[in-house]
Structure formats: C-alpha cells, structure tokens
1. Within the bounds of the range 248-261, is there any residue that is in contact with a strand residue (DSSP E or B) (Cβ under 7 Å, 6 or more places away or on another chain) and within 30 Å of S445 (Cβ to Cβ)?
2. Would you check which residues across the range 163-179 are part of a loop (DSSP other than H, G, I, E, B) and open to solvent by less than 20 Å² (accessible area, probe 1.4 Å) and list them?
3. Do you know which residues across the range 391-423 are assigned to a helix (DSSP H, G or I) and open to solvent by 40 Å² or more (accessible area, probe 1.4 Å)?
4. Hey, can you tell me all the residues within the range 440-472 that are surrounded by 15 or more Cβ atoms within 10 Å (Cβ to Cβ) and either polar (S, T, N, Q) or assigned to a strand (DSSP E or B) (or both)?
5. In the range 60-68, is there at least one residue being more than 28 Å from L114 (Cα to Cα) and touching a strand residue (DSSP E or B) at 6+ places or on another chain (Cβ under 9 Å)?
6. Let me confirm something: among D329, D323, D338, which residue is touching a Gly at 6+ places or on another chain (Cβ under 6 Å) and not aliphatic (A, V, I, L, M)?
7. With the condition being buried (at least 17 other Cβ atoms within 10 Å of the Cβ) and charged (D, E, K, R), I'd like the strands (runs of 3 or more DSSP E) fully within the range 1-105 carrying at least 1 qualifying residues.
8. Within the bounds of the range 341-353, is there any residue that is open to solvent by less than 30 Å² (accessible area, probe 1.4 Å), touching an Asp or Glu at 6+ places or on another chain (Cβ under 7 Å) and under 29 Å from A268 (Cβ atoms)?
Amino acid sequence: MVFEKLSILIPAYNERFTIREIVSLVLAQELPGGLERELVIVDDGSTDGTRGILQDLGRAHPERLRIHFHETNQGKGAAIRTAIELATGDLCIIQDADLEYDPADYPRLLRPLLAGDADVVYGSRFAGSEYRRVLFFWHSVGNQFLTLVSNAFTNLNLTDMETCYKVVKTSLLKSVPIRSNRFGIEPELTAKLAKRGCRIYEVPISYRGRSYQEGKKITWWDGVKALATMVYYRIVDDLYEERYGHTLLHSLSRTHRFNRWIAGAIRAHVGDRVLEVGGGLGTITLQLIPTDRYAVTDSDELHLEYLENRFRGYPNVEVRRVDVQEEGDFDSLQESFDTVVCLNVLEHLAEPQRGLANIHRALEPGGTAIVLVPQGRWLMGALDRALGHRRRYSKRLLRESCEAAGLEVEKLFDFNRISCLPWLVSGRLLRRRRLGLIQLKIFDSLVWLWRVLDRVVPLPGLALVAVARKPT
C-alpha cells in the first residue's frame, strides 16, 4: 500500500505558550517517503488566547493547517475524535500541543508503516529512548501500572500504553468509534486496536515531560477512570463505527466452535485449489487451509487490510480484492480453481446471479461450488438488516439460481436447525439488531450439543448449503 499524506492531529487546550512553536516544529520536520502533510488542529475551548494564535497561524498557512474550534472544553478524546473526522491523509499521528513530544521522531515512528509491517505504531517513552526528562517517580509508576493492566486485558506486551504518539492508518482509525472524551482515549483505543487484531509495533521516542507547574493536566483521577475504561472495553465489544456495519460480523467471527462446525460440514467437498469469495475476517479460511493454493478475496477495504495482516507469511494463501459481481475481477481467475467457497455472500448482493455466473467462470470443468445462504423468507428481520441481508433463500430459489448460472446441484441440505426459532424471536419478534456477547458464548460452548440435535430437530435450518458442480 502506498501512503501519500500524513495527517498530524493536534488537540490543544490553553497552550498559548507552546502552540506556535509546536506548529513550527511540525511544519519544519522532514518526512520520509515523500509524504505530504496536513495539520489538523482542534482547539478544545481554550480561554488563554490560544484561539487567537491559531487564527493567526491559519491565515499564515491556509493550505497546510485545518483548524476547528470547540466552543466549550470537552477533553482530549473529544478533540481527537473531531480531528479524526477532519483528517484526509492516509496515515494519522497524534501530536500533543505542548513540547513534551518531539516531531523529530516522526521518521522512526513512520518506518514500520511505510515498510508494510505495521498498522499501528506506538512511540514508547520507556523503551530505551535516546533521552527523556527525569520527573516524578509516582507518575512513572502510575503509567507503568496502567500499561501492565492494559496488557493483561489485551494480551499485548506494550511498554507505554499511555503514550501520546500513536500512528495509525487513517482508514482503520476512522472505523474505530471513540467514546472517551478525556484521557480514557488511550486505553480505549489500545483495547479496540488489540481486539481488531491490528499489527502493533513500538519504537523508542524522546520525551521532555512537563511538571504540573508547567501546565501538565492529567491527574490521578484520570488514572482511576482509565482503569474503569480498561475493564469496560475488556467486556464490551464496540469496535466499529455504526456506518461500517461490521460489529455483528466481528462478534460472530469469535464463535470458534461454530465456525469449525461450518467448516466441517463442507470440508469433504473442498479440493486443493480454492477460491473463497467474501472472506470477511478469515474465520473460515483458517479452518480450510492448508491447501496447494488458497485465494481469499473480499471487496471491503477494511476486510482486505485485516486479511492481509492475518495471512502474511502463509506461503500458499493469497489475498485479493475481488467483487464477486464484477466480471472484470474474474478475468485473471478463469478456470483456475477446483473449488469455490461462497459462504454468507449471495444474500448481500444486488445482483446475486452475476455473482454465481462469475463463480462458474472461476471453476475448472468438473469443479465444485459450495454456497451457503440464510434460509426462510419468513425469518427476515432486524438481525438480517443489521447484517446487510437483502434476501433469504428457499431450497427452490437456491437450486434455480445455481442452475441458471450453469451449475448442477448435487447436494442441498439444511444447516443449524437449532438456531431457527431463536433467530425468529430475536430478529423478527423482539427486533434486536445485535446478538449479546454472553448469548454467543453460551451458544458457542454448546455447539457439540447443537450438532447432535441438528440431525433430529424437525425444523428448517437457519442456513442452506448447496454443493454444485460445473459440468465437464
């Protein structure tokens, strides 16, 4: 991925003695890789004259500074949230408006991202930096304690969770909801990036810490609230902005036993050269590899980034951007695979028949298409709409759709009968748009029982599976 612009996000509150100098330093800092820069500065209701200085700076650098003013003080998290919305770069770095953090560290912070190794880079004040100012012992102990607790909850091994310097891909950062208005943004963002499976790197940075007499604003009470934030986001999955619609999919991806059940139901029909369309978060991919060749595809940019991270280093797995409805995306895939896996995809498409036709093109003669779709139009409800379903299938509709694409259906069977009534109650009667974390954990822990009952329960399956062959 090529990065062209860096957005430098600067929250500012009552920093009239430092704001002019930090802007000057950021503008003067040479950036690696020919990166352009923009400064997104959010004044968080300053009352000391910072606002007037920023207005002067905006007039002096109209093309490089984007300045927004909060009418009242809301906190660092709120200011960063506004800055993220305004950012237009490919990468974002958070820069405090004081002089504690040195923009000369930008090249070091950006290097893992520009090399393609990282999605997120933290600048650590405690990882053998070139220099740092010696200040308060108990403040340092507090920082390290908060980092330790955060690491225990996220299973990371950071040395400095509370650091200001965090560099994140903008597409990733914009998709993460930030709820904390004050300094709780640090543990909140760390918890969510960890749960999203991001590749997080850490590099040492220099640090000129301020004393409270010099204007430092964080207090012990913010540390208490940071602990509460860690506990809350250890329990609650709030990982995607609503407009991205990935929250429910992420929750379902964590039902590992259920995903193994799906993979087990289709594995006997999977060959050696596999194309998976709509790979999502790669949960089924992990169950079906290794094979001689496995191409996992998606058209969602967030999913593609996640898949590239997850399967980096897997020699027989390739990640490709493919829209199953676009004929041109299959020109280089024609008759290249003995198996195409298409699970929970057709129900999302505006033109599912075009998708099936492209699946037919990708198969070699005699190849197998494995298609899983939700069953039962009468089950269509709020959960389906939350997942972006346009339709649910009947056996007749699925068979006719496959045959119209030139595929001969050899096997058609129900899957997951036990979930039919709960889905009806949750999505149709109660109109719920989410499945509770505890509900999913209980369901996943009892998959062994659902597999037994699936053979005897006199209900239609929540899903249908078709195994269809391309004629020789």
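The values are calculated or read from the model by the stated rules, or taken from the named source; none is laboratory data. The model shown is predicted, which means the values in this text are computed figures rather than measured ones. Please note: Cβ atoms are built from the backbone with ideal geometry, for glycine as well, and neighbour counts cover all protein chains shown. Heavy atoms of the whole protein, side chains included, go into the accessibility calculation; ligands, DNA and RNA do not. Shrake-Rupley method; radii C 1.70, N 1.55, O 1.52, S 1.80 Å.
1. Checking the range 248-261: not a single residue is in contact with a strand residue (DSSP E or B) (Cβ under 7 Å, 6 or more places away or on another chain) and within 30 Å of S445 (Cβ to Cβ).
2. T163, C164, Y165, V176, P177, I178
3. K395, R396, L397, R399, E400, E403, A404, R417, I418, L421, P422
4. A463, L464, V465, A466, V467, A468, R469
5. For the range 60-68, residues more than 28 Å from L114 (Cα to Cα) and touching a strand residue (DSSP E or B) at 6+ places or on another chain (Cβ under 9 Å): present.
6. Of the residues listed, the single one that is touching a Gly at 6+ places or on another chain (Cβ under 6 Å) and not aliphatic (A, V, I, L, M) is D338.
7. Filter on the range 1-105 gives 36-44, 65-70.
8. Yes, the conditions are met somewhere in the range 341-353.
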